[in-house]
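Notes follow the structure.
The values are calculated or read from the model by the stated rules, or taken from the named source; none is laboratory data. Computed from a predicted model, the values in this text were never measured in an experiment. Glycine gets a Cβ as well: all are built from the backbone with ideal geometry, and neighbour counts include every protein chain shown.
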């Protein structure tokens, strides 16, 4: 608390204007949190249900988790999960690489014609409705006669993951003064060495953060995947959707809970890594 | 003896030391710059500069911000291209060599130690990039750490160092690959005053121990005067004067130099007579407008009738009791300010101009006149300098 008179006055007016003092603030907050998380909570709780019904509670058990790994649909989900994970890893690696190079061009370069337009173009996919991208991608693939399947999913994923990977990498690169690369080159490093020995290590938290974000986005994408996958191949989200169409079985809730766990874990890692590693040296 | 005089005497020794250093070694030119210009789209950063820097010299580029000194340094380092002119390093043209191929290293203003590397790895970086052998690198790293007195800090990260320590690591890192020339871009400006003063002496000592040519950029005249063998005073993309600290201070070539280095009095005057003309040192009689005559020196050939200013340093002026003086210069003592080692007096001259005087507070030279008194003004021999406007 600031104890000076002026500070006190400022604090008081700030406190008065604070949204916390609006009537019903606490109730609205609770209501919003409830809307956001209640469905997830229900799915998580019912994934431990010992009943065949998805609405009637029959006691706690892990039978549906067992069913996921040893049930009738295990083979189908296993293939779908493998597809999802391998696509997510490849898409994340490719899009992170492309995003790093894009950030290099956008941030470590003098002004060039079309720089601000390029900036908008890199980030625009974030704002285009996904269904539009999905339809456009499908039309594009069929127009050039590209056979839909694993490769078409992978290409589409690489493309839409780029802006997600770009954001944390660009933010990080902006915070790294170009003087470090200059120092490296003053000390006999080639441009390539300055990049690999200095910029990449300093950029690493941003790269990891971008990679994990791209991985998650790819892992749980449904709309675009569903459009471009073609027949005979499923990723985890499309497989779940297919299973749900024939009626929701509690094993879906177990799979969903597992996916949620992976997502939350990766987002947390991304957040922690993104914040760690202060790069500004202490000054006296 | 006056404090300022002592500091001048010490500086006056520097060129002699330099001569001693270079008598047994043939005098060699480390950096030679010929007709160098640098233009940005609509700004001229450097305007036809020529200068040569001797081997093993502590050379300072001194000037206000925006005078082009940092641009010149960056051109020598290889970070900026030249618009016109040539740069030679030990006789070889380096204008087309990229920064990483020049045996020149830089100590940057903000140190810019690699934050993800330990102190030792920072120091080793340049040698590794150069491809030195591992045993040489380790040995040299230890040697450098000892030189900057940080042997116990090898494994620390830059974030665990104080400003002064980071500064020393930056110096060690730049010296480790044994550059032919070391560039220092205002390396002391981020330190506090006490540390800065200590580092000046340390830098000078390290330069003499290593025998590497130092090119030091600063806007701080005190830094320049205390460390340099020679100083180039720069302004508006041009070199105003090159010389030892003593020459720059005592024999400024133009108004800018006289004004920028130290305090000075400028009095309007006209040359009435040339007493002695010997090329670089001419003795003149000058008529101070509305005051009287004074003898002054000048480094340029000047014809009678030329108008300009006579510059006199405040410490070369003495206040004389009116009772027994025949001096032609007179004025009224306006203000006395006690400043510890000396007293600063402001005198209103009979022509209305104001004159600053600095007098040491020793028993012999203490000012006895009081504000309001009419006083006579004496100047030291050869203290007055005529400068063309």
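A few points about this structure:
- Any hit, the range A:218-226, residues being within 21 Å of residue A:166 (Cα to Cα), surrounded by fewer than 20 Cβ atoms within 10 Å (Cβ to Cβ) and at pLDDT below 90: yes
- Test: residue in the range B:363-373 that is in contact with a strand residue (DSSP E or B) (Cβ under 8 Å, 6 or more places away or on another chain) and modelled with pLDDT of 85 or more: no
- Flag for residue B:195 being farther than 12 Å from residue B:58 by Cα, more than 14 Å from chain A (Cβ to nearest Cβ) and touching a residue at least 12 places away in the same chain (Cβ under 8 Å): no
- Taking the range B:213-289 as the region of interest, the helices (runs of 4 or more DSSP H) fully inside it that hold 2 or more residues being assigned by TED's automatic domain parsing to the domain that holds residue B:183 are B:221-227, B:245-250.
- Check on residue A:137, under 18 Å from residue A:98 (Cβ atoms), part of a helix (DSSP H, G or I) and within 25 Å of the chain's Cα centre (by Cα): yes
Condition check ((1) at pLDDT below 90; (2) under 26 Å from residue B:189 (Cβ atoms)) across all residues:
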{"position": "B:53", "(1), (2)": "no, yes"}
{"position": "B:80", "(1), (2)": "yes, yes"}
{"position": "B:87", "(1), (2)": "yes, yes"}
{"position": "B:94", "(1), (2)": "yes, no"}
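- Scanning the range A:159-182 for residues that are within 14 Å of chain B (Cβ to nearest Cβ) and touching a helix residue (DSSP H, G or I) at 6+ places or on another chain (Cβ under 8 Å) yields a total of 5.
- Annotation for the range A:186-205: no member residue is more than 14 Å from every other protein chain (Cβ to nearest Cβ), closer than 23 Å to residue A:102 by Cα and at pLDDT 90 or above.
Condition check ((1) under 30 Å from the mean Cα position of the chain (by Cα); (2) modelled with pLDDT of 85 or more; (3) surrounded by fewer than 13 Cβ atoms within 10 Å (Cβ to Cβ)) across all residues:
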position: B:316; (1), (2), (3): yes, yes, no
position: B:327; (1), (2), (3): no, no, no
position: B:338; (1), (2), (3): yes, yes, yes
position: B:345; (1), (2), (3): yes, yes, no
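Residue-wise test of (1) surrounded by 12 or more Cβ atoms within 10 Å (Cβ to Cβ); (2) in a helix (DSSP H, G or I); (3) out of contact with any helix residue (DSSP H, G or I) (no Cβ under 8 Å at 6 or more places or on another chain).
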site: A:36; (1), (2), (3): no, yes, yes
site: A:51; (1), (2), (3): yes, no, no
site: A:77; (1), (2), (3): yes, yes, no
site: A:85; (1), (2), (3): yes, yes, no
site: A:97; (1), (2), (3): yes, yes, yes
site: A:111; (1), (2), (3): no, no, yes
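- Of all residues in the range B:182-196, none are outside the structural domain of residue B:31 (by TED's automatic domain parsing), surrounded by fewer than 21 Cβ atoms within 10 Å (Cβ to Cβ) and modelled with pLDDT under 90.
- Residue in the range B:130-162 that is farthest from residue B:175 (Cα to Cα), counting only those that are in a helix (DSSP H, G or I), at the interface with chain A (Cβ under 9 Å from one of its Cβ atoms) and touching a residue at least 40 places away in the same chain (Cβ under 8 Å): B:159
- Take the conditions (1) in contact (Cβ under 8 Å) with a residue 40 or more places away in the chain; (2) surrounded by fewer than 21 Cβ atoms within 10 Å (Cβ to Cβ); (3) over 11 Å from residue B:386 (Cα atoms); residue B:265 misses just one of them, which is (2).
For (1) within 19 Å of the chain's Cα centre (by Cα); (2) in a helix (DSSP H, G or I), each residue gets a yes or a no:
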site: A:177; (1), (2): no, no
site: A:199; (1), (2): no, yes
site: A:204; (1), (2): yes, yes
site: A:212; (1), (2): yes, yes
site: A:227; (1), (2): no, yes
site: A:253; (1), (2): no, yes
site: A:261; (1), (2): yes, yes
site: A:273; (1), (2): yes, yes
